Amino acid sequence: VGGKSAMQNEIIGDLTCEFGALPENGADLTLKDLGSQFNSYKALGKYMNDMVAKMVSTKMPGGFGINKLKSHLSSERLLGSGRTESVLAFSIPMAPTNRL
């Protein structure tokens, strides 16, 4: 009872943290329609940066923090800042099970 509402509120809170203000009817939009509201999203927001930082701190070797990872992706893999952020975002669900 109320499980859907609690989950919906949590998701809306996370989206608000990441994107700032949501459309007034954001909870009723399809994911595709909601995504189309954020065409100006160019950099990871607070929520995603926190998720990446958590993944890096728990899965990467000690001393290999987020700044060192970004530097590695830029210098060794020749990725620009947008590509680097994309790699970091995609790394969250693909994180290794154990620390490297």
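The values are calculated or read from the model by the stated rules, or taken from the named source; none is laboratory data. Every value quoted in this text rests on a predicted model; they were computed, and no experiment measured them. Reconstructed Cβ throughout: ideal geometry from the backbone, glycine too, with neighbour counts over all protein chains shown.
Being in contact (Cβ under 8 Å) with a residue 40 or more places away in the chain and within 22 Å of PHE19 (Cβ to Cβ) is the requirement here; does GLY82 meet it?
Values: in contact (Cβ under 8 Å) with a residue 40 or more places away in the chain: yes; within 22 Å of PHE19 (Cβ to Cβ): yes.
In short, yes.
How many residues does segment 8-27 hold that are among the small types (Gly, Ala, Ser) and under 16 Å from MET48 (Cβ atoms)? The total comes to 2.
Could you pull out every one of the helices (runs of 4 or more DSSP H) wholly within segment 10-86 that has 1 or more residues that are polar (S, T, N, Q) and surrounded by fewer than 11 Cβ atoms within 10 Å (Cβ to Cβ)?
On the way: elements: 31-35, 46-59, 66-75.
Output list reads 66-75.
Could you grab me the full set of residues in segment 22-49 that are among the hydrophobic types (A, V, I, L, M, F, W, C) and at pLDDT 80 or above?
If we filter segment 22-49 for residues that are among the hydrophobic types (A, V, I, L, M, F, W, C), which is where we start, we get 22, 27, 29, 31, 34, 38, 43-44, 48.
Those that are among the hydrophobic types (A, V, I, L, M, F, W, C) and at pLDDT 80 or above: LEU22, LEU29, LEU31, LEU34, PHE38, ALA43, LEU44, MET48.
If only residues of segment 85-95 that are touching a residue at least 24 places away in the same chain (Cβ under 8 Å) and of a type outside the set (A, V, I, L, M) are counted, the one that is nearest to GLY20 (Cα to Cα) is GLU85.
Looking at segment 71-99 only, could you name the residues that are under 19 Å from TYR41 (Cα atoms) and either of a type in the set (Asp, Glu) or over 15 Å from the mean Cα position of the chain (by Cα) (or both)? Spell out the reasoning first.
First pass over segment 71-99, keeping only residues under 19 Å from TYR41 (Cα atoms): 79-92.
Answer for segment 71-99, where residues must be under 19 Å from TYR41 (Cα atoms) and either of a type in the set (Asp, Glu) or over 15 Å from the mean Cα position of the chain (by Cα) (or both): LEU79, GLY80, GLU85.
For first residues located in segment 50-73 and modelled with pLDDT of 90 or more, partners that are assigned to a loop (DSSP other than H, G, I, E, B) and hydroxyl-bearing (Ser, Thr, Tyr) and lie 6+ apart or on another chain with Cβ distances below 9 Å form the pairs LYS59/THR97.
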